1. Which residues' amide hydrogens lie under 5 Å from the amide hydrogen of T39, considering only partners 5 or more residues apart or on another chain, with H built in the peptide plane?
2. How much length would be gained if the chain were fully extended between H69 and T11, taking 0.36 nm per residue of separation minus their Cα-Cα distance, in nm to one decimal?
3. What's the FRET efficiency of H4 with T45 using the Cβ-Cβ distance as r and R₀ = 25 Å, to the nearest 0.05?
4. Work out, in µm²/s and without decimals, the Stokes-Einstein translational diffusion coefficient of the stretch 40-94 at 10 °C, 1.306 mPa s, Rh from Kirkwood over C-alpha pairs.
5. Over all alpha-carbon pairs of the stretch 6-49, lay out the pair-distance distribution in 10 Å bins, whole %, shortest bin first.
6. Probe of 1.4 angstrom, ligands and nucleic acids ignored: what's the accessible area per residue over the chain, in square angstrom?
7. Roughly speaking, what % of Cα-Cα pairs in the chain are separated by over 23 Å, rounded to a whole number?
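The values are calculated or read from the model by the stated rules, or taken from the named source; none is laboratory data. Computed from a predicted structure; not experimentally measured. Note that each Cβ is placed from the backbone with ideal geometry, even for glycine, and that neighbours are counted across all protein chains shown. Note: accessible area is taken over every heavy atom of the protein model, side chains too, but ligands, DNA and RNA are not part of it. Shrake-Rupley method; radii C 1.70, N 1.55, O 1.52, S 1.80 Å.
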Amino acid sequence: MTTHVADCSVTRCSFNDHEGCTAHAITVGGSKDHASCATFIDTGTHGGLPKVLADVGACQRSECIHNDHLMCNASEVHVGPGADNADCLTYAHA
């Protein structure tokens with residue numbers, strides 16, 4: 001089971017289509033106590049699938065309460081600007 005990316009307000013991302021993510025799946029990366037969308041690409045060229053379908057493919061933030069064996073078990077994920085250009089706004093430190 002994968003977790004759906006409910007919305008993405010990072011309009012400069014090549015995978016953003018009207019606040020939806022067109023990547024097949026995103027990877028949540030970052031550093032201790034911070035989770036960022038490692039799939040973020042700011043190239044000015046639109047990429048991804050022809051429709052919004054993104055899920056969380058992998059989560060590297062093992063300290064997040066939603067992380068279960070590097071998979072996200074949140075009901076949905078929200079991505080938006082934060083400490084980085086694109087952060088996982090659903091991230092919560094355990």
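1. When sequence neighbours closer than 5 places are left aside, the close amide H contacts are T27.
2. Stretched out fully, the H69 to T11 stretch lengthens by 17.9 nm.
3. 0.50
4. 125
5. Distribution as computed: 30, 54, 15, 1 percent.
6. That works out to 55 Å² for each residue.
7. Summing the P(r) of the chain above 23 Å gives 14 percent of all pairs.
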